[in-house]
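Asks: One structure, pasted below without further comment.
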Amino acid sequence: FATEKFSMEFSSFVYGKEWRFDHEALPADLISRGMAVEDPSAPHGLKLAIEDYPFANDGLLLWDTMKQWVTDYVNRYYPEPNLVESDQELQAWWDEVRNEGHKDLKDETWWPTLKTPDDLINIVTTIIWVSSGHHAAVNFGQYAYGGYFPNRPTIARKKMPCEDPTEEEWKKFLDNPIDMVLQTFPSQLQALKVMIILNALSNHSPDEEYIGDQIEPSWAEDPTVKTAFDNFNGKLKELEKTIDARNADSKLKNRYGAGTVPYELLKPFSKSGVTGMGVPNSISI
């Protein structure tokens, strides 16, 4: 809203300078942002820089659950390591992802290789995470966070009077601070536009499909895959209970207490509407 016609240019610039596929997996993302370090003795193999970090704590449980489902699925169809490298269709897919989907970055050395089942598991889990858990965490809380514009104004119509004010500006501020703030905040029309857009982005449709909720018919036909999916679904339901318990824990001050909103963005399932929870299978508008 503030950058308007330059928004895509800003996004493209940051993508070109910052985006790396190997940093998109949740553990790698936390490490690259300085929010965790590797620690084999810690849960999930990571020691968090901030222990009470709801996105990381809930996200790592979801990540591990997704990775186990992908591991069970991949091992069902690629029981031998050499089968991945010899699968021409699979190799063509990964070649297209790198060389066509990200042509401007195709020569970067950080791209993972696809030679073994473990390679495939890590690549697929990363893609699933980005399009489900990560997107849900940054998207479905937007209306609650920014719909009320004083909480997070998306644009300022003038500089705040405390930033090198003239004597006249400072006097106006002291005489009527509320009026000065309202002149700085978005107009009613701008605020309404933001509310409408954030409401639409934060809204689950009645036919939303959530991660691990409904089994694909072809998966149900294979007993091994069906068992793996049922285990996946069961762990996601356990995750919901874990998140509820964490939100009721008075020791976790970033998700419990007066004026603190419970962190529910990574609860896998939801009803329709603006709920602030629910992890869909994919990104769709």
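Asks: Name the residue, out of T260, T224, that is more than 17 Å from the chain's Cα centre (by Cα), polar (S, T, N, Q) and closer than 22 Å to T65 by Cβ. Lay out the reasoning, then the answer.
Replies: Numbers: T260 fails: closer than 22 Å to T65 by Cβ.
Criteria check complete, one pass: T224.
Asks: Follow-up question, since we're still on this one. Pairs under 7 Å by beta carbon, first residue over 14 Å from N57 (Cα atoms) and at pLDDT 95 or above in segment 26-43, partner charged (D, E, K, R) and not in a strand (DSSP E or B), six or more apart or different chains?
Replies: What qualifies is A28/D22.
Asks: Give me the pairs: first residue in segment 141-155 and free of Cβ contacts under 8 Å to residues at least 60 places away in the same chain, second residue hydroxyl-bearing (S, T, Y) and surrounded by fewer than 19 Cβ atoms within 10 Å (Cβ to Cβ), beta-carbon distance under 7 Å, and six or more apart or on different chains, which are they?
Replies: Correct list of pairs: G146/T154; N151/Y145; R152/Y145.
Asks: Conditions first: (1) on the phi > 0 side of the Ramachandran plot; (2) touching a residue at least 40 places away in the same chain (Cβ under 8 Å). K253 passes all but one, so which condition is the exception?
Replies: Of everything listed in (1) on the phi > 0 side of the Ramachandran plot; (2) touching a residue at least 40 places away in the same chain (Cβ under 8 Å), K253 misses just condition (1).
Asks: Continuing with this model, one more query. Find the residue count for segment 187-221, including only residues that are within 20 Å of the chain's Cα centre (by Cα) and either within 30 Å of F149 (Cβ to Cβ) or open to solvent by less than 40 Å² (accessible area, probe 1.4 Å) (or both). Lay out the reasoning, then the answer.
Replies: Just the residues of segment 187-221 that are within 20 Å of the chain's Cα centre (by Cα), to begin with: 197-205, 208-213.
Now drop any that are not either within 30 Å of F149 (Cβ to Cβ) or open to solvent by less than 40 Å² (accessible area, probe 1.4 Å) (or both), which leaves 197-205, 208, 210-212.
Within segment 187-221, residues that are within 20 Å of the chain's Cα centre (by Cα) and either within 30 Å of F149 (Cβ to Cβ) or open to solvent by less than 40 Å² (accessible area, probe 1.4 Å) (or both) number 13.
Asks: If you don't mind, there's one more thing I want to ask. Please go through segment 102-114 and pick out each residue that is loosely packed, with under 12 Cβ neighbours inside 10 Å and either in contact with a Gly (Cβ under 9 Å, 6 or more places away or on another chain) or free of Cβ contacts under 8 Å to residues at least 12 places away in the same chain (or both). Please lay out each step first, then the result.
Replies: Residues of segment 102-114 that are loosely packed, with under 12 Cβ neighbours inside 10 Å, as a first pass: 103-104, 107, 109-110, 113.
Correct list: K103, D104, D107, T109, T113.
Asks: Can you go through P165, P177, P150 and tell me which one is under 30 Å from L266 (Cβ atoms) and open to solvent by less than 100 Å² (accessible area, probe 1.4 Å)? Talk me through it step by step, then tell me what you get.
Replies: On the way: P165 fails: under 30 Å from L266 (Cβ atoms); P177 fails: under 30 Å from L266 (Cβ atoms).
Only one candidate qualifies: P150.
Asks: In segment 17-55, what residues are surrounded by 14 or more Cβ atoms within 10 Å (Cβ to Cβ) and among the polar types (S, T, N, Q)?
Replies: S32 - this is the single residue of segment 17-55 that is surrounded by 14 or more Cβ atoms within 10 Å (Cβ to Cβ) and among the polar types (S, T, N, Q).
Asks: Which count do you get for residues in segment 241-281 that are surrounded by 12 or more Cβ atoms within 10 Å (Cβ to Cβ) and either hydrophobic (A, V, I, L, M, F, W, C) or within 18 Å of S131 (Cα to Cα) (or both)?
Replies: 17
Asks: Here is a check on your reading of the model: is Q183 more than 22 Å from A144 (Cα to Cα), in contact (Cβ under 8 Å) with a residue 24 or more places away in the chain, surrounded by 13 or more Cβ atoms within 10 Å (Cβ to Cβ) and not β-branched (V, I, T)?
Replies: Criteria met by Q183.
The values are calculated or read from the model by the stated rules, or taken from the named source; none is laboratory data. Computed from a predicted structure; not experimentally measured. Every residue, glycine among them, receives a Cβ derived from its backbone with ideal geometry; neighbour counts consider all protein chains shown. Side chains included, ligands, DNA and RNA excluded: accessible areas come from the protein's heavy atoms. Shrake-Rupley method; radii C 1.70, N 1.55, O 1.52, S 1.80 Å.
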